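Notes for the one structure printed next.
The values are calculated or read from the model by the stated rules, or taken from the named source; none is laboratory data. Quick caveat: nothing in here was measured; it's all calculated off a predicted structure. Neighbour counts run over all protein chains shown; Cβ positions are idealised from the backbone, glycine included.
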């Protein structure tokens, strides 16, 4: 790592000449939150009011050589950079940034995501969805499909946890997703189709998180027989739909049918 300092005006110059791009523009970081930028702007101005030109804002930057050009990407601190830019443009206050450079030429995209999540675990935490969004940019199969289900399909039916289990075939699917493990899309898609078939039989009033989770648990059993389970489940629903009054009753019954 190498550390240097520069003024906000120098950062703006590098943005204008194309030698400094925010990392989210290459789709490896989260999009900037305007609300978070406003909060940081206020805090940085409060710091400046106290220490004036001694105010220093730290950021971490990855440097990569792309076709002979050195490109900077913000690894951690993109909101702080934007706040400093706004302060310079609105109030002509030239905040100094302490930049820690990391050589990114030997880092894979997966390694960059791991570093990103490590930085953000101590500040603005990554959500489960964030991991899916990040790995959907660098993994060719599985993650994009999960993201589509979460953003396009029925949001009552799908969440990151049950889709992670479905596409990994493991009850620890969420942990595997967060590590960017390779997914078996063919098997995952088969399990998802089975999941949909079962849910379509499920009484609408029992369409809840626990029931959906238990259906997912059924699908990832090693000796799961889908045709047999669906047959039993349909028979059960037809006989007891009116007598099941809680989701707890429903998912207990689902477990007993395997």
Counting only residues that are at pLDDT 85 or above and on the phi > 0 side of the Ramachandran plot, how many does region 20-66 have?
1
Over region 147-163, the set of residues within 16 Å of the chain's Cα centre (by Cα) and touching a residue at least 24 places away in the same chain (Cβ under 8 Å) is 149, 159, 160, 161, 162, 163
Suppose the filter is in contact with a helix residue (DSSP H, G or I) (Cβ under 7 Å, 6 or more places away or on another chain), under 30 Å from residue 42 (Cα atoms) and at pLDDT 75 or above; does residue 177 pass it?
no
Just need a number here: residues in region 131-144 that are surrounded by fewer than 18 Cβ atoms within 10 Å (Cβ to Cβ) and in a helix (DSSP H, G or I).
1
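Counting just the residues of region 195-212 that are surrounded by 20 or more Cβ atoms within 10 Å (Cβ to Cβ) and modelled with pLDDT of 85 or more, which one comes out nearest to the chain's Cα centre (by Cα)?
Residue satisfying both the conditions and the ranking: 195.
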